[in-house]
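Read through the structure below, which is laid out as structure tokens, and then see the notes.
The values are calculated or read from the model by the stated rules, or taken from the named source; none is laboratory data. The model shown is predicted, which means the values in this text are computed figures rather than measured ones. All Cβ positions, glycine included, derive from the backbone under ideal geometry; neighbour counts span all protein chains shown.
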Amino acid sequence: MNQPGALCLLEDYGVLRFSGADVVKFLQGQVSNDVTTLTGGTPTGGTPPGGTATGGTLLRAGLHNPQGRTLALLALAAVEQGDILALLPLELVGAVAAHLRRYLLRAKVAISDASTQLRVLGLPALTAADTLAGPRIGYGVAGDARALLLQSGRDAPPPQATLPREQWRALDIAAGLPQVYSTTSEQFVAQMLNLDCINAISFTKGCYTGQEVIARAHYRGRIKRRMQRFVSAEPIALAPGDSGRLNDGRSFRVVDATVRADGLCEFLAVASSTGAPQEADESGQLLASGGIAVSSLPLPYALPE
């Protein structure tokens, strides 16, 4: 049992820093959310190297290819002097930085990897471990009270950092928060990951890469496959990018997953909506049932009809 107030050391998080006079304008043309709404609150504690993140709440946004498929999910935070930090899986930092640099052209923006300068800690609540220095940023959605703490990478990890990473992942899954990894990059259109349900898309901000496809799906078409939450009926291990078939015949692809203490796998996966007709192959032949036996679990937000 974890001690109350324990922190999670998110070693698999990386940090990109965007700085320069055109940083907001540049990101506005690249990501799915409205970067002009990104504001901070009052920082708590000390100053990380290169500037103090101003607190507030993370602005979630997708980075997409022209076909609207999600390259990465960025958690954006305002930083003093106009800089913006983007938190994302460490394994994607290099690829995302290289992708975005191709679009810089004459923009006055510098993109740098700050992953070694800043440590990211997960807090069970915004006021947890209030003796620790560092800015705190609201993290959760739909009543999730968690927060992130940014620390200098030069400091030793705090002794409270004892919350297992898999437990933080389980909280993300319960909150219906998707993540994109190298195995799932460019696999899902934005709405398949419920980005419209967690306020990670602005449909009024104007153009950005992939916007036409994402807007068309929003205004003209019903998304037939959405991210849902499941738990297996028997012990099994699944990982992001795994695909298969549920016992009702629906195909699925895993977004994120964790194995519980009882050996059952709780996971987020993109699949046809519950109650959808049995799927057919290319010739129209109904696909046979049989696959992973699961139960559906609720998400803390409603999926569009």
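Key figures
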| read-out | value |
| --- | --- |
| Test: residue in segment 223-235 that is exposed (fewer than 12 other Cβ atoms within 10 Å of the Cβ), at pLDDT 95 or above and either among the hydroxyl-bearing types (Ser, Thr, Tyr) or under 22 Å from Arg165 (Cα atoms) (or both) | yes |
| Subset of segment 133-150 (residues that are among the aliphatic types (A, V, I, L, M) and touching a strand residue (DSSP E or B) at 6+ places or on another chain (Cβ under 9 Å)) | Ala133, Ile137, Val141, Ala145, Ala147, Leu148, Leu149, Leu150 |
| Test result for Phe203, aromatic (Phe, Trp, Tyr), within 19 Å of Asp242 (Cβ to Cβ) and within 20 Å of the chain's Cα centre (by Cα) | no |
| Residue check for Gln191: in a helix (DSSP H, G or I) and in contact with a Lys or Arg (Cβ under 8 Å, 6 or more places away or on another chain) | yes |
| Condition met for Tyr181 (of a type in the set (Phe, Trp, Tyr) and in contact with a Gly (Cβ under 6 Å, 6 or more places away or on another chain)) | no |
| Residue match in segment 193-205 (condition: within 17 Å of Val31 (Cα to Cα), touching a helix residue (DSSP H, G or I) at 6+ places or on another chain (Cβ under 7 Å), without any contact (Cβ under 8 Å) to a residue 40 or more places away in the chain and surrounded by fewer than 21 Cβ atoms within 10 Å (Cβ to Cβ)) | yes |
| Residues (in a loop (DSSP other than H, G, I, E, B) and either modelled with pLDDT of 90 or more or within 18 Å of the chain's Cα centre (by Cα) (or both)) located in segment 116-152 | Thr116, Gln117, Pro124, Tyr139, Gly140, Val141, Ala142, Gly143, Asp144, Ala145, Arg146 |
| Residue list for segment 251-261, restricted to those being over 17 Å from Gln191 (Cα atoms), of a type outside the set (Val, Ile, Thr) and in contact with a Lys or Arg (Cβ under 9 Å, 6 or more places away or on another chain) | Ser251, Ala257 |
| All positions within segment 215-229 that are over 13 Å from Ser272 (Cα atoms) and either in contact with a strand residue (DSSP E or B) (Cβ under 7 Å, 6 or more places away or on another chain) or among the polar types (S, T, N, Q) (or both) | Ala217 |
| Residues of segment 168-183 satisfying the condition of being surrounded by 15 or more Cβ atoms within 10 Å (Cβ to Cβ) and either in contact with a helix residue (DSSP H, G or I) (Cβ under 8 Å, 6 or more places away or on another chain) or in contact (Cβ under 8 Å) with a residue 40 or more places away in the chain (or both) | Trp168, Arg169, Ala170, Asp172, Ile173, Ala174, Ala175, Gly176, Pro178, Gln179, Val180, Tyr181 |
| Criterion violated by Thr258 - all others in (1) at pLDDT 95 or above; (2) surrounded by 15 or more Cβ atoms within 10 Å (Cβ to Cβ); (3) assigned to a loop (DSSP other than H, G, I, E, B) satisfied | (3) |
| Number of positions in segment 263-281 that are at pLDDT below 95 and closer than 18 Å to Ser243 by Cα | 7 |
| Residue that is on the phi < 0 side of the Ramachandran plot, of a type in the set (Gly, Ala, Ser) and modelled with pLDDT of 95 or more, where the choices are Ala239, Ala215 | Ala239 |
| Cβ-Cβ under 8 Å pairs, at least 6 apart or on other chains, segment 78-90 side on the phi > 0 side of the Ramachandran plot, far side at pLDDT below 90 and in a loop (DSSP other than H, G, I, E, B) | Gln81/Gly51 |
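Every residue, every condition in (1) out of contact with any Leu (no Cβ under 6 Å at 6 or more places or on another chain); (2) in the same structural domain as Gly14 (by TED's automatic domain parsing); (3) among the charged types (D, E, K, R), yes or no:
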site: Ser112; (1), (2), (3): yes, yes, no
site: Arg119; (1), (2), (3): yes, yes, yes
site: Val141; (1), (2), (3): yes, yes, no
site: Ala145; (1), (2), (3): yes, yes, no
site: Pro157; (1), (2), (3): no, yes, no
site: Ala161; (1), (2), (3): no, yes, no
site: Leu171; (1), (2), (3): yes, yes, no
site: Val180; (1), (2), (3): no, yes, no
